[in-house]
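Written below as structure tokens is the structure these notes are about.
The values are calculated or read from the model by the stated rules, or taken from the named source; none is laboratory data. Here the structure is a predicted model, which means the values were calculated and not measured. Every residue, glycine as well, gets a Cβ built from its backbone with ideal geometry; the counts of neighbours run over all protein chains shown. To get the accessible areas, we keep the full protein, side chains included, count just its heavy atoms, and leave off ligands, DNA and RNA. Shrake-Rupley method; radii C 1.70, N 1.55, O 1.52, S 1.80 Å.
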Amino acid sequence: MIVPTDFSEASAHAVGRAAHLPLAEGAKVLLTHALPSRLPAELGARSLDATARELERIAERLRKGLRAEGTSATVETHIARGKPVEAILRRAKAFGAELIVLGRHGAKPLRDMFLGSTAENVIRGGVLPVLIANRRATGPYLRPVVAVDADEPSKRAARFVPTLMTTGAELTLVHAYDVPLEYAVFPGLKSKERTHYQNTFKASAERKLRALQRELDALGVPYHLVMENGGSRSIVLEFVDDQGADLLALGTRARSGIAFALLGSVATDLIREAKCDVLVVREAGHDE
């Protein structure tokens, strides 16, 4: 796992979250900071020394947090050179990281500053799952939610979340399904016919999710599935708020060309507006 820091409060949230993750025996955590490539010699030497000291101070705090959680993971530090996003992705690959943990900057949600932000560029530029720590961590995740549909990225997200869960956590899969032409058709239907019309599309959605459910059953992951008719964005955000979820996970597709600059519109809205931590899992790429 790699935890980039710029020594801000948001980065402190990421470090705090890392301390509460259920890491495997022998896991390694890399705490990294990127310095500009070009600095005057005297300033560069002072910056390097000050950065090394601050990184080690944070690393020691993280080590104590991990020990308090009963985790034997080791914590290393690294100072990179260059632009933060490029440095993070380059070091994550060299380190063999399986997860990147970032803090969310700004007092507002990412609504106004998400495009072009470090988090957005790390998500769209890399292949690793990215965990965005939205607030101070007070313990392990207990109420994780996965926004699911029948595509591979959301299945990957659902399979990944159990690695972040501890005993006693309750996993919820939330799926929003569509009833085509609902308002155009309903005026001419009786109540029983309306129910049948809705249930037809709900049953179709349930069938598409059975493969994912079988996978989670085989892994022994306890979960329950919530299905609602309506738009994904509103249903997922309302459920997360109503249930007090502490983690929202979602999958998003890899993109190329002009589309590389964008995440899916629903995914972007969820990342921008969710009040809890957000895990974004990309579909498998050629580098994996």
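Within segment 142-162, can one find any residue that is open to solvent by 50 Å² or more (accessible area, probe 1.4 Å), modelled with pLDDT of 90 or more and aliphatic (A, V, I, L, M)? Steps first, answer last, please.
From segment 142-162, those open to solvent by 50 Å² or more (accessible area, probe 1.4 Å) are 142-143, 149, 152, 156, 159; that's our starting set.
Then drop every residue that is not modelled with pLDDT of 90 or more, which leaves 142-143, 156, 159.
Those still in the list that are aliphatic (A, V, I, L, M) too: 142.
Yes, some residue in segment 142-162 is open to solvent by 50 Å² or more (accessible area, probe 1.4 Å), modelled with pLDDT of 90 or more and aliphatic (A, V, I, L, M).
Strands (runs of 3 or more DSSP E) wholly in segment 127-231 with at least 1 residues that are outside the structural domain of Ala12 (by the TED database) - which ones?
Once the strands (runs of 3 or more DSSP E) in segment 127-231 are filtered for at least 1 residues that are outside the structural domain of Ala12 (by the TED database), what remains is 144-147, 171-177, 223-229.
Only one of these conditions is not met by Leu30: (1) free of Cβ contacts under 8 Å to residues at least 60 places away in the same chain; (2) of a type outside the set (Val, Ile, Thr); (3) under 23 Å from Met165 (Cα atoms); (4) open to solvent by less than 50 Å² (accessible area, probe 1.4 Å). Which number is it?
Answer for Leu30: the failing condition is (1).
Within the bounds of segment 254-271, is there any residue that is modelled with pLDDT of 80 or more, closer than 27 Å to Ala19 by Cβ and in a strand (DSSP E or B)?
Looking through segment 254-271, none of the residues is modelled with pLDDT of 80 or more, closer than 27 Å to Ala19 by Cβ and in a strand (DSSP E or B).
Against the definition (over 30 Å from Leu99 (Cβ atoms), among the β-branched types (Val, Ile, Thr) and surrounded by fewer than 20 Cβ atoms within 10 Å (Cβ to Cβ)), how does Thr195 come out, yes or no?
The answer is yes for Thr195.
Taking the conditions exactly as written (in contact with a Pro (Cβ under 9 Å, 6 or more places away or on another chain), in contact (Cβ under 8 Å) with a residue 12 or more places away in the chain and over 15 Å from Phe7 (Cα atoms)), does Glu98 satisfy them or not?
yes
In segment 229-249, which residues are touching a residue at least 24 places away in the same chain (Cβ under 8 Å), open to solvent by 50 Å² or more (accessible area, probe 1.4 Å) and closer than 26 Å to Gly168 by Cβ?
Asp241, Gln243, listed by residue number.
Out of all the residues in segment 127-137, is one or more of a type in the set (A, V, I, L, M), surrounded by 18 or more Cβ atoms within 10 Å (Cβ to Cβ), farther than 20 Å from Pro22 by Cβ and under 12 Å from the mean Cα position of the chain (by Cα)?
no
Looking at Arg17, Arg63, Arg38, which is the one that is over 21 Å from the mean Cα position of the chain (by Cα), part of a helix (DSSP H, G or I) and not hydroxyl-bearing (Ser, Thr, Tyr)? Reasoning before the result, please.
On the way: Arg17 fails: over 21 Å from the mean Cα position of the chain (by Cα); Arg38 fails: part of a helix (DSSP H, G or I).
Of the residues listed, the single one that is over 21 Å from the mean Cα position of the chain (by Cα), part of a helix (DSSP H, G or I) and not hydroxyl-bearing (Ser, Thr, Tyr) is Arg63.
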